[in-house]
Amino acid sequence: MFDLDTSDSLPTLMALARRTAPKEALAELGRMLSGQPAYPACNGMALHASDFGTSDAAMILDLSNLGKTPTLTAPMEEVGLAAFDLQLSQSDAGTPKIADVLNPAFIALRLGWLMRSLDLAFGHLEGRESFGIKLLHQPLIKAQFSEISAAVDRLMGETQLPGAPTATMMLSAHRDIGVLFGKAAKLMGGRGLLEGQCHGLEFLDAVFFALVRPAFDGVSDDRERG
């Protein structure tokens with residue numbers, strides 16, 4: 001398990017993910033976990049910068065074994081990731097245990113990307129009108145922005161509570177982020193997909209969570225228990 005105390009760094013990581021290129025935020029996550037910039041690898045996959053191994057100075061971090069340097073094998077072509085100068089590659093990284101992915105930094109990274117998506121949606125809608133009314137002034141759209149922002153504040157606050165997080169709490173938070181991402185992406189409609197922005201971030205976030213999701217096998221949250 002990652003024992004690094006990230007409580008003071010979580011807001012910084014979230015802000016970095018919100019304001020900088022996704023590959024920089026990914027490398028910072030690795031630095032928080034291992035002490036040096038690194039991209040995550042697990043379950044036979046690695047998510048890394050497209051220029052890894054050339055001009056990129058970050059390493060690849062095996063989330064299942066910090067002492068192991070995973071080997072990258074075949075690259076996978078993903079247009080949605082290429083828009084962010086990122087690439088998914090096959091690797092020999094192992095499957096992490098649940099304790100390996102309970103660090104709140106994983107949540108902070110995803111929340112930063114969620115707010116980045118919301119910022120892009122706001123910029124897209126700003127100045128646009130429908131039937132003479134600014135879209136950002138329409139009650140339904142205002143309510144969606146407020147709902148997502150409030151949920152982000154709540155989730156970020158929960159990650160900073162004293163004590164070790166439980167697997168159920170972390171899984172619930174991860175699933176909540178996925179739902180919120182869908183709402184944020186829809187605020188831009190089809191343009192988000194065409195521009196590789198909001199919908200692109202939603203795809204990147206889904207790929208990132210898919211890397212760590214197998215570690216939660218056997219864990220159920222409140223939603224599953226009904």
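What the table shows:
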item	result
Cross-link partners of Lys134 among lysines (Cα-Cα below 18 Å; sequence separation of 8 or more within a chain)	Lys142, Lys186
Neighbourhood charge, 11 Å Cβ-Cβ cut-off, centred on Met115 and excluding it, Lys, Arg +1 and Asp, Glu -1	+2
Dipole magnitude of the chain about its Cα centre (Cβ charges: Lys, Arg +1; Asp, Glu -1), debye to nearest 20	560 debye
Å² per residue, accessible surface of the chain at 1.4 Å	47 Å²
Gaussian network model of the chain, Cα within-10 Å springs - most flexible of Thr73, Thr168, Thr54	Thr54
Set of the stretch 80-111 residues, backbone N closer than 19 Å to the point 7 Å along the Cα-Cβ line of Ala206	80-89, 110-111
Most mobile listed residue (Gly178, Gly35, Gly94) in the chain, GNM with C-alpha springs under 10 Å	Gly35
GNM flexibility winner over the chain from Ala82, Ala173, Ala58 (Cα, springs under 10 Å)	Ala82
Two-site label geometry, Thr166 and Lys134: point separation in nm, points 7 Å out along Cα→Cβ	4.4 nm
Solvent exposure ordering (accessible area, 1.4 Å, most first) of Arg213, Arg19, Arg110, Arg31	Arg19, Arg31, Arg213, Arg110
Rough spin-label spacing in nm, given labels placed 7 Å along Cα→Cβ, for Asn65 and Ala150	4.7 nm
Length gained when the stretch Glu77-Glu158 is fully extended (0.36 nm per residue, less Cα-Cα span)	25.5 nm
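The values are calculated or read from the model by the stated rules, or taken from the named source; none is laboratory data. Keep in mind it's a predicted model, so treat the numbers as computed, not measured. Here Cβ is always computed from backbone atoms with ideal geometry, including for glycine, and neighbour counts include all displayed protein chains. Just so you know, the surface numbers come from the protein's heavy atoms only, side chains and all, with ligands and any DNA or RNA stripped out. Shrake-Rupley method; radii C 1.70, N 1.55, O 1.52, S 1.80 Å.
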